[in-house]
Amino acid sequence: MKDKLEQIRAAALGVLEKATDMDALEEARIKFLGKKGEMTAAMKEMRNLAAEDRPKIGALANEVRSSIEKHIEERKAELTAKMQNARLKAEVVDVTMPGNAPKLGKLHPLTKVMNTLKETFIGMGFEIAEGPEVEKDYYNFEALNIPKNHPARDTQDTFYIDENTVLRTQTSPIQVRVMEKQKPPIRVIAPGRVYRSDTVDATHSPVFHQIEGLVVDKGVTMADLKGTLEVFLKELYGEKTRVRFRPHHFPFTEPSAEADVSCFACGGKGCPVCKGEGWIEVLGCGMVHPRVLANCGIDPEVYSGFAFGIGLERIAMGKYDINDLRLFFENDLRFLDQF
Ligand code: DAH
């Protein structure tokens, strides 16, 4: 009996030694320690032993059983560690490898310039106003003191939806819409898309963008206009920029002016960018015409105001040294990626 038990122990240890995975261990456990296993069979033979031998053999049997159990546990721990190591090796990550950065989108250069302008004016206490792109003739022309026979109204310049409706040719109609709804003090900028019946070339597009500005209050003067626009243009083109105002004509402002900045490429000496002039025209402006104020129900005897209009594409072309307007609208990523 004793030999039998030792045999089982030796056989079990041999099998366990060779087991290379958890299934093999479980198989061995069943074979040696299971209900129908070899140990159980051996124990059944105990009853054939002489009574005085039983305690000794019983003790040995227990010892064999627990030593097999112990070996199973040990092999289990060994195999688990081995499997874990193999897995770690297989799944090793080289943290020094360059990652796959997701490609982020970018803002369109026009959006960037638009955001800069908005921020500057919001910083000066302006609010943002909007208006429709499909606009009444009344707002786009009539209320702005643009007479019926004005060349801007010609179908060669303006897209007409019907007799009384146009695609707005400027952001100036938003001035009227704001003044109709809001009483002074008014301080707004109104960015947006505008349309003109132009053929596409390097400096023309039937769709482009403007930013309109409007300030109306008691005692607003041309000095306020000049001061505001100077702050804005210096912020946009740099502290050293000089600004000059030239007399001009717009039907909805009186007096009217165009503003030039000293050339941002040559500083004013004259170069190809400014066509040798030293100055670059950047916007139109003026004191809101009394008739326009009156058209909107604001008493021109009490209030005065100034307005300005900026072409966004022209500003962006100057700022980023872009020589063809079409690039903004072609959506070529080789171009857009550069900003
Ligand atoms: N609306 C004018 C244009 O499209 C630009 C402009 C000029 C707007 C003078 C103004 C202004 O508000 O005061 O050419």
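The values are calculated or read from the model by the stated rules, or taken from the named source; none is laboratory data. If you're wondering where the values come from, they're calculated on a predicted model, not measured in any experiment. For neighbour counting, all protein chains shown are included, and Cβ atoms are generated from backbone atoms with ideal geometry for every residue, glycine included.
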Cross-chain or 6+ apart pairs with Cβ under 6 Å, the stretch 161-175 first and at pLDDT below 95, then within 10 Å of the ligand (Cβ to nearest atom): none
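Do you know which of the residues in the stretch 195-220 that are of a type in the set (Asp, Glu) and within 13 Å of the ligand (Cβ to nearest atom) is surrounded by the fewest Cβ atoms within 10 Å (Cβ to Cβ)? Break it down stepwise before answering.
Looking only at the stretch 195-220, we keep the residues that are of a type in the set (Asp, Glu), and these are 198, 201, 212, 217.
Within this subset, residues satisfying the condition of being within 13 Å of the ligand (Cβ to nearest atom) are 198, 212.
Working: ASP198: 14, GLU212: 23.
Checking each candidate, the answer is ASP198.
For the structure I just gave you, tell me whether GLY267 is surrounded by fewer than 21 Cβ atoms within 10 Å (Cβ to Cβ), over 30 Å from LYS183 (Cα atoms) and out of contact with any Phe, Trp or Tyr (no Cβ under 8 Å at 6 or more places or on another chain).
Numbers: surrounded by fewer than 21 Cβ atoms within 10 Å (Cβ to Cβ): yes; over 30 Å from LYS183 (Cα atoms): yes; out of contact with any Phe, Trp or Tyr (no Cβ under 8 Å at 6 or more places or on another chain): yes.
Judged against the criteria, GLY267 is a match.
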Filtered residues of the stretch 47-61 (kept if free of Cβ contacts under 8 Å to residues at least 24 places away in the same chain and surrounded by 12 or more Cβ atoms within 10 Å (Cβ to Cβ)): ARG54, LYS56, GLY58
Failed item in (1) in contact (Cβ under 8 Å) with a residue 12 or more places away in the chain; (2) in a helix (DSSP H, G or I); (3) surrounded by fewer than 21 Cβ atoms within 10 Å (Cβ to Cβ), with ALA223 passing the rest: (1)
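Identify the residue in the stretch 169-183 that is part of a helix (DSSP H, G or I) and either more than 9 Å from GLY131 (Cβ to Cβ) or polar (S, T, N, Q) (or both) and, among all such residues, is farthest from the ligand (Cβ to nearest atom). Quick ask: steps written out before the conclusion?
Initially, the stretch 169-183 is screened for residues part of a helix (DSSP H, G or I), giving 173-181.
Checking which are either more than 9 Å from GLY131 (Cβ to Cβ) or polar (S, T, N, Q) (or both) leaves us with 175, 179-181.
On the way: GLN175: 7, MET179: 12, GLU180: 16, LYS181: 18 Å.
Here the answer is LYS181.
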Enumeration of residues in the stretch 251-302 that are touching a residue at least 12 places away in the same chain (Cβ under 8 Å), more than 16 Å from the ligand (Cβ to nearest atom), part of a loop (DSSP other than H, G, I, E, B) and touching a strand residue (DSSP E or B) at 6+ places or on another chain (Cβ under 8 Å): CYS263, PHE264, GLY268, VAL273, GLY278
